[in-house]
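Structure, as structure tokens:
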Amino acid sequence: MNYICPKCQHSLNQQQSAYYCVKCNKYFTYEGEFPNFLTYEKYFSDTSSEAIEKEEEANINKVKKYLVPLFKKLFKNEGPLKILSVGCGSAVEIDVLSDIGYEAWAVDTGDRINYWNRRKSKNLVIADGRNLPFPDKYFDVVMNFGVIEHVEETSSKNIRNRERAQYAKELLRVSKVGGYNIFGFPNRLFPIDFWHYEKHGMRFHSITNDFLASFKDINEYLSETKYSLMMVLPLKNYFSFKVTDFNPYLKIFIKPFNFYMNMVSSGPQFIRRSFLNPHLVIIIKK
């Protein structure tokens, strides 16, 4: 990989165990086996090893049952794809995709990088999705799940919208023309958030609460970026709901809720984008 400077997008010189940008005079070093292209301190959260294992199991299921069939449908009879996972966490999907034959890469900034030593693949980079160290138009697929709502989540609305727009545009920058970007996140317009837990394993919120995003928000973030298609995908096989092992209160709702989500997300686009859909998987063709 020919990395570029995440700050100015100039080419980098590799000097032993570091990368150097001659344009902005910035050094980027390795953290263990992995290059660190952050310009600020890493993000940390308290995540148990048990939670990581459940998360990895769910992500493996998502790759095998949802993403790989989707890739085969989108890229018929094409060679090995170049795929980037942004906000990859422990990056278990990279090993699964690499074993299938894809050139898979991943980036993250948080404490889950401590689990990267489990991975066979070493195509892992410590980097911010708003400032990626990859060249323009490199990847066939750039995907991120449960990430955009955490971009500047505690900042003011203006800062948050600006930074989320930068994040979305940066993901499209590194994708090829004709390639795809996939955003997965809870829908702001649906009043119950099952993915960011509070006391009873769910979070109730007003649709004006802008911690989460909506289809319209993504469209606005990319208002100055060229793309040829944006649509909401069905959710069938997207979830395994392993996370509910930590929330017994929710277990009785899983089957009817899963049925409801599959039904709504398989409807026409105006239904998929609406307040009726709890979770959005948006695909954008560049």
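Listing for the model above:
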item: Within-14-Å neighbourhood charge of M263 [Cβ basis; K, R +1; D, E -1]; result: +3
item: Area projected by the alpha carbon convex hull of the stretch 96-227, averaged over all directions, nm²; result: 9.5
item: The stretch 47-285: C-alpha gyration tensor shape, a/c 1.5 cut-off, then a/b vs b/c; result: rounded
item: Summed residue charge, Cβ within 9 Å of L189's Cβ, Lys/Arg positive, Asp/Glu negative; result: +3
item: The stretch 75-126: chymotrypsin sites (Phe, Trp or Tyr not before Pro) in DSSP loop, at most 11 other beta carbons within 10 Å; result: none
item: GNM flexibility winner over the chain from A165, A51, A91 (Cα, springs under 10 Å); result: A51
item: Ranked E33, E56, E41, E103, criterion: other C-beta atoms within 10 Å, fewest first; result: E41, E33, E103, E56
item: Residue of S90, S175, S49 that the Gaussian network model of the chain assigns the largest fluctuation, springs spanning Cα pairs under 10 Å; result: S49
item: Mean-position separation - Cα centroids, the stretch 110-154 and the stretch 215-231, in angstrom; result: 21
item: Neighbourhood net charge (11 Å Cβ-Cβ; Lys/Arg +1, Asp/Glu -1) for L172; result: +4
item: Relative contact order [Cα under 8 Å, 6+ residues apart], the stretch 47-285, whole percent; result: 20
item: GNM result for the chain, Cα springs below 10 Å: residue of G110, G87, G101 fluctuating most strongly; result: G101
item: Cα-based reach from K54 at 20 Å (exclusive), listing aspartates and glutamates while leaving out same-chain residues under 8 positions away; result: D46, E93, D95, D108, D111, D193, E198, D245
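Where a number appears in this text, it was derived from the coordinates with a stated rule and is not lab data. This one's a predicted model, so the numbers in the text were calculated from it and none came from an experiment. FYI the Cβ positions are ideal-geometry reconstructions off the backbone, even for glycines, and counts take in every protein chain you see.
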